[in-house]
Structure formats: structure tokens, C-alpha cells
């Protein structure tokens with residue numbers, strides 16, 4: 001005698017939150033086992049209860065649908081089967097997009113700059129919860145983080161944005177150190193489907209910070225001997241020393257040393273004009 005499948009036991013179909021593959025275009029599924037079933041068939045399509053495709057996954061309780069169109073809503077249900085045929089009804093239906101995918105990228109920034117953090121990829125739902133982990137961001141001696149990341153949100157299926165401020169944004173503050181910092185990102189679409197990834201900030205020296213002495217019109221917006229003399233007055237000082245000044249700590253490591261001198265030398269003899277520092281700008285001012 002052939003056994004009839006009890007469809008009520010299929011109510012446990014769900015979309016698995018963490019993808020088991022690194023590709024986009026994938027939906028991971030899991031469901032409860034059914035007594036008497038010898039296998040399962042997964043049905044899916046782009047309209048509710050109108051399934052254009054199906055796959056026989058055998059006697060397992062988890063499977064992945066792949067090669068799906070990105071940024072597309074899919075409707076998925078399961079039937080159990082045995083030698084007596086398929087269950088008469090479907091399981092509960094789940095609805096969602098394929099897993100989000102985050103493209104690894106490095107964004108350029110400068111000390112004191114404010115940039116738009118742009119996270120690219122695909123399958124970013126408008127209602128996705130986006131978290132940028134800043135726990136690895138260094139802090140100044142007072143505990144203030146040197147990189148501030150505002151709320152992140154999906155602006156399209158392929159883009160997430162967040163405002164980022166790289167300290168210092170005012171005089172007298174410790175500068176963010178130079179080099180790369182990684183910011184882990186997690187994007188959770190409705191239904192708990194998520195993806196983790198990371199973006200990197202490549203923080204570069206802001207040349208304007210080398211213009212430390214602006215006591216008169218001649219030296220303002222020009223890096224010259226007056227700036228060198230200012231640096232020398234704080235030479236070999238560190239945070240806590242009376243001579244120390246965050247504005248003279250060009251590389252943001254809380255002391256004034258040869259690395260700061262090297263940064264000043266890289267811009268020495270240049271003047272500011274049109275958002276750049278050049279020797280020609282000094283010539284135009286008659287100060288070469």
C-alpha cells in the first residue's frame with residue numbers, strides 16, 4: 001500500500017540567514033523532515049503560488065537555489081514525495097531576495113576629510129539593516145574615535161551609503177593615523193538573510209596640516225621655514241608633555257618625531273592654490 005504524505009508537517013520551510021556559498025544569486029533553504037518522505041522538491045518563481053521552476057533535491061532538509069536573478073523577489077515552497085507521489089499541498093511559502101553580496105573595496109580618504117562611504121555589491125534591500133563595525137577604529141587619548149561613521153542605508157539594490165568623518169575636523173585634535181583601516185560590514189535583508197564583508201579606508205596625509213604657522217599673510221597657506229621652526233619647538237615631545245601639540249603631530253601617533261618631519265618635508269616650499277599645494281603657486285604669489 002502506498003503511503004500518503006502528510007502536508008501539514010511541511011510547515012517548517014524557512015530561508016537560512018547565512019549563505020553557504022560566496023556567490024550572489026543564491027537562496028539557502030531549510031525545512032522540517034516529513035515522516036514517510038523519500039525526497040523533496042523545491043518550487044520557486046517570481047509570483048506567489050505561481051512557480052515556474054522546481055528542483056528535486058532528494059532526501060535532504062536543506063538546499064540552495066542558485067543562478068537566480070539579483071534584485072528580484074522569489075517565492076519558494078516545498079513538496080515532499082515518496083513512491084505514492086507528491087504531497088497534495090505545498091509547504092508554507094517564503095518570500096525574499098537572493099543573498100546580498102558585498103564587493104571588497106578600498107576608499108581613499110584624508111585626515112580631516114568627510115567622505116561618503118560607498119559600499120557596492122548586489123541584493124541590498126531598501127529595508128536592509130546595515131551595520132558598519134567601527135570597533136577597530138583607534139581613539140584619541142580621551143577615548144574619542146578617530147573615524148566617525150554615520151547611519152548606513154541602502155540607496156539602491158547595488159549601493160549602500162554612509163557619511164564618514166576622518167578626524168581631525170578641528171584644530172587641537174589628534175589626527176587619524178595614516179594607512180589602511182578595515183571596517184567590517186554586515187547587511188541583513190528582511191527575513192534575516194545576511195552577508196558579511198568589509199570595506200577599507202586608506203587614510204592619507206592632509207597637506208594643509210603642514211601649514212602650522214599662519215601668523216602673518218606671508219606664511220599663511222605656505223609651508224616654509226616658519227612651519228619648520230614651529231615643529232622644532234615641539235620636537236621629541238609626546239602626548240602629556242608641555243610642548244606637545246596635536247596640530248604638530250602630522251602622522252597622528254601622539255608624538256612629534258622624524259616621521260612628522262618627513263611629512264612636512266614632502267610639502268616644504270609649496271603654496272596652496274586651487275585645492276593643491278605646488279611650487280608654482282608660490283611663484284604666482286611672488287614668493288618663490
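Values quoted throughout were computed directly from the atomic coordinates according to the rules given, and no laboratory measurement underlies them. Given the structure is predicted, the values throughout are model-derived calculations rather than measurements. Because the Cβ atoms are built from the backbone with ideal geometry, glycine has one as well, and the counts that use them run over all protein chains shown.
Out of 150, 85, 269, any idea which swings most in a Gaussian network model of the chain, alpha carbons joined below 10 Å? Result for the chain, Cα springs under 10 Å: 85 fluctuates most. Compared with the dominant principal axis of the Cα atoms in the chain, helix 258-267 is inclined by about 80°. This ranking places 267, 187 by how few other beta-carbon atoms lie within 10 Å of each, fewest first, which gives 267, 187.
Comparing mean-square fluctuations of 260, 241, 127 from a GNM of the chain with C-alpha springs under 10 Å, the top value falls on 241. For the stretch 101-204, averaging the sequence separation of C-alpha pairs within contact (under 8 Å, six or more residues apart) and dividing by the residue count gives a relative contact order of 38 percent. Taking Rh as the Kirkwood radius computed over C-alpha pairs, what is the Stokes-Einstein D of the stretch 41-198 at 20 °C in a medium of viscosity 1.002 mPa s, expressed in µm² per second? Here the translational diffusion coefficient equals 116 µm²/s.
Each of 185, 16 was scored by other Cβ atoms within 10 Å of its Cβ. Listed from fewest to most, they are 16, 185.
Highest GNM mean-square fluctuation among 48, 215, 156, for the chain modelled with Cα contacts below 10 Å: 215.
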